[in-house]
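**Student:** My questions all concern the structure below.
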Amino acid sequence: MRIAVLNNCVPFLRGGAEHLAEALTLKLAEYGHSAVLVRVPFRWHPSRHVGEHMLACRLMKLPNIDRAIALKFPAYYVPQANKVVWLLHQFRQAYDLLGTAEGLSENSEGRETREMVVQADNSYLPEARKIFANSHITAERLNRYNHLQATVLYPPLLRHDHFTCAEYGDYVLVPGRINEAKRQRLIVEAVHHCKSNVKVVVAGSPERLEDAKTIRSLIGNDDRVLFINRFISEDEKVELFSHALACAYLPYDEDSYGYVTLESYFSKKPVITCTDSGGIGLLVKDEITGLVVPPDPLRLALAMDRLFDDKVRARRMGEAGCELVESMNITWDHVIESLTK
Amino acid sequence: MKIVIATSITPFVEGGSTYIVDWLGKKLEACGHEVDILRFPFSEDHAEVLQQLLAFRLLDLSEHGDRLISIRWPSHLLRHPKKVVWFIHHYRSAYDLWGTEYQSIPNTPEGIALRDAVIAADNVGLCEAYRVFCNSSVVKDRLEKFNSVDAEVLYPPLLSPELFYSAGSGDYLLYLGRLTRHKRQWLAIESLRLTTSRVRLVIAGQPEPGSEFYAEELQGLVTRNGLESRVEILARWIPEDEKRSLFANCLAVVYFPLDEDSYGYISLEACAASKPLLTTTDAGGVNELIIDGANGFVTPPDPELIAHGMDDLYNDRDAAREMGEAGQERIAELGINWARVLQRLLS
């Protein structure tokens, strides 16, 4: 089949969704399809731009294409007779984030935009042959706000067979893009309270310069924290995971379990996460595959000390995480079959 | 600099308009710029054109990158405060093809309104641009005539011309490129039939989607004229190293498109491989590059006259070699190189 993968984009910005869209396009080709990734720019601030970009998507055409696989708002509005939606997220500012600092404003413009988004989702999402969602949280939200049914389809890593476990070392790894919502600062604050000799490696490129500054000032002179303030290559990441004691992934209210969690488990390392981290809870079971604690530096410090003092336990949790992931059919075989049926 | 390159594509179709984008991106990155390329699918169907023009206009890139470089129509409608347009062709049905047999827009009140809307949209997108460049004099003249826009000609170079080479003069003429009717590979076969020397012809390239019959027609033409031993048709994708070898060993390159806007990369490749190029007076942009008798032959599109040119190339190899070597000079003379392209686009 000739397939278009539809995603939105902010030029020059790459995160989990971009990574997944590229991986999906590559995998479709590997499974014998012709695939092209279509990236539609999206500007949502100020909110009057939202409608313009929704309309632009609605007016786009996809010649020479037998099927579209749409991932995100508003790219999933692009008409195509044979479209499936694999929903990563809707325009959350109009739904669950409404009324928060990140949501649409409570003025007439905000309300109109919200109304328009909800109406459009209600009208156009059902055009798809089938709707999948990347997590049960995304699926539940679609059901709660739009009364639409989605089947959960978990996104796999592009590849995972290169992750290894060399040892349970003395550091907790905090990988990924550095920003406010990912809360790397919590773990840096926590390490000051640790009683053991556990160390922390924060590795990733900051979203904004201030994000790096915050981390650096929190670290101060504490030589227990190593800050690798740049993009980490795949090989470096594999190496860092291989020698880590555990991984900490503490985003605020994430929809899905996150690639970091999968990478940690394929490296057989336990994951420390927070009670308010959202979808990560699907894979991180407290005391079984990792530790789930409140977003409090003191409690995080305790969790790190426990793993450092009992590496046998750390190993057991990491291995349990790996078994859990392998039991869940998070594979490209399953994804490609579902999306091209 | 952070640079967004925007273009339109027909998914899964490669050609000059996709190479210019890919290569520009590579060259900008090699110079240390951060590049993001946006490729928007676009349907050429006239009934769908207007709504797509609006879609392009609604997309706002004004907050991203220090510069937007728009390449293929209608990406010049995207909004950006520092938009540079490198215009490679109009929606020709609304312009120079209007009133000809190639006009695809119907000649109805709706069709006329569509044509006028296309022209009006182009005027807006081009006039607001920070700079407008184009890829040939043909396009420059059209921009001036129809849109009153004064564009600067900026010839697109090959990605790596240094990879092409000559391995002496073989006995065959090479016609390389997508197999599609308006490239007139059939004219090369018709002409070869009238040659008196033993010159051969190799036609190589992928049939254009929807033009698969055309490849069969070409083969039929060869068979009907009993030219099987002198004409070889490779109707498939030609990998880069095979392509360079075909260029290296040929006698000369032939190229007979009908009224192309630009010279076509095959012409640059011929020059890079130090081979003369045989083309026709009605081929369009290629006539900006090839000077009759200097770096090739330019003849009227008449099989008999073309056949003469073919025989001349075969019978006087020394002259052919000299003309081939003049190709590089012509490229230098026209300033076809990346240093110049980047300097102008970022000025």
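The values are calculated or read from the model by the stated rules, or taken from the named source; none is laboratory data. Being a predicted model, the structure only gives us computed values, none of them experimental. Neighbour counts are summed over all protein chains in view; Cβ atoms, including those assigned to glycine, are modelled from backbone coordinates with ideal geometry. The area values use the complete protein model at the heavy-atom level, side chains included, leaving out ligands, DNA and RNA. Shrake-Rupley method; radii C 1.70, N 1.55, O 1.52, S 1.80 Å.
**Student:** How big is the B-A contact in terms of buried accessible area, both chains counted, 1.4 Å probe, rounded to the nearest 100 Å²?
**Tutor:** 2400
**Student:** Give the value in nm², to one decimal: projected area of the alpha carbon convex hull of segment A:264-336, averaged over all directions.
**Tutor:** For segment A:264-336, averaging the hull's shadow over all directions gives 5.0 nm².
**Student:** Out of B:19, B:263, B:255, any idea which swings most in a Gaussian network model of chain B, alpha carbons joined below 10 Å?
**Tutor:** Checking each option, the largest mean-square fluctuation is seen for B:19.
**Student:** Looking at segment B:178-263, which trypsin sites (Lys or Arg not before Pro) are DSSP coil and have at most 15 other C-beta atoms within 10 Å of their C-beta?
**Tutor:** B:198, B:236
**Student:** Mind jotting down the distance between the C-alpha centroids of segment A:244-308 and segment A:95-159, whole Å?
**Tutor:** 26
**Student:** Right, next: Working from Cα positions, state the angle (0 to 90°, nearest 10) between the long axis of helix B:317-334 and the longest principal axis of chain B.
**Tutor:** 10
**Student:** According to the square roots a ≥ b ≥ c of the eigenvalues of the Cα gyration tensor, what is the shape class of segment B:161-334, taking rounded for a/c under 1.5, prolate for a/b larger than b/c otherwise, and oblate for the remainder?
**Tutor:** rounded
**Student:** Along the charge dipole of segment A:2-153, Cβ charges K/R +1 and D/E -1, which of A:119, A:55, A:78 sits furthest on the positive end?
**Tutor:** My answer, from the dipole projection, is A:78.
**Student:** Given a Förster radius of 45 Å and the C-beta distance between residue A:235 and residue A:140 as r, what FRET efficiency does 1/(1 + (r/R0)^6) yield to the nearest 0.05?
**Tutor:** E between residue A:235 and residue A:140, to the nearest 0.05, is 0.75.
**Student:** Sticking with this one: Could you please report the charge total around residue B:163, scoring K, R as +1 and D, E as -1 over all other residues with beta-carbon less than 11 angstrom from its beta-carbon?
**Tutor:** After counting each charged neighbour, the total is -2.
**Student:** Using a 10 angstrom cutoff on alpha carbons, build the Gaussian network for chain B and name the most mobile of B:206, B:185, B:51.
**Tutor:** Most flexible of the set in this elastic network: B:51.
**Student:** Determine the sum of side-chain charges near residue A:85: Lys and Arg each +1, Asp and Glu each -1, restricted to other residues whose C-beta is under 12 angstrom from that of residue A:85.
**Tutor:** Taking every other residue near residue A:85 into account, the sum is +3.
**Student:** On to the next question. If you fit an axis through the alpha-carbon atoms of helix B:137-147 and take the longest principal axis of the Cα set of chain B, what angle between them do you get, 0 to 90°, nearest 10?
**Tutor:** 40
**Student:** Given 4 °C and 1.567 mPa s, how large is the Stokes-Einstein diffusion coefficient of chain A in µm²/s, with Rh as the Kirkwood radius over Cα pairs?
**Tutor:** In µm²/s, the coefficient is 62.
**Student:** If you plug each phi of segment B:38-54 into the Karplus form 6.51 cos²θ - 1.76 cosθ + 1.60 with θ = phi - 60°, what whole-Hz ³J(HN,Hα) values come out, in order, with x for Gly and Pro?
**Tutor:** Calculated HN-Hα couplings, in order: 10, 10, 9, x, 8, 9, 7, 4, 4, 5, 10, 5, 4, 5, 6, 4, 5 Hz.
**Student:** Here's something else I'd like to know. Say the dipole of the protein assembly as shown comes from +1 at the beta carbon of Lys and Arg and -1 at that of Asp and Glu; which of B:42, A:274, A:298 then lies farthest toward its positive end?
**Tutor:** A:298
**Student:** Further question: When the dipole is taken about the Cα centre of segment A:1-66, and only Lys, Arg (+1) and Asp, Glu (-1) are charged at their Cβ, what size is it in debye, to the nearest 20?
**Tutor:** It works out to roughly 220 debye.
**Student:** Given a 1.4 angstrom probe, I'd like the percentage of the accessible area of segment A:1-72 that is carbon and sulfur, rounded to a whole number.
**Tutor:** Reported share for carbon and sulfur atoms: 54 percent.
**Student:** Let me ask something else. Could you give the longest part of chain A that holds none of the GluC sites (Glu not before Pro) found in DSSP loops with at most 13 neighbouring Cβ atoms within 10 Å?
**Tutor:** A:168-286
**Student:** Let me ask something else about it. Local charge sum around residue B:263 (other residues, Cβ-Cβ under 12 Å, Lys/Arg +1, Asp/Glu -1)?
**Tutor:** So the environment of residue B:263 carries a net charge of -3.
**Student:** When N is the residue count of chain B, what does its C-alpha Rg come to as a fraction of 2.2 N^0.38 Å?
**Tutor:** 1.02
**Student:** Step through the residues of segment A:271-276 one at a time and calculate ³J(HN,Hα) from phi using the Karplus curve (6.51 cos²θ - 1.76 cosθ + 1.60, θ = phi - 60°), rounding each to whole Hz and writing x for Gly and Pro.
**Tutor:** Residue by residue, segment A:271-276 yields 10, 9, 9, 10, 4, 9 Hz.
**Student:** Calculate how steeply helix A:297-309 sits against the longest principal axis of the alpha-carbon atoms of chain A, using the helix alpha-carbon long axis, and give the answer as 0 to 90 degrees to the nearest 10.
**Tutor:** 60
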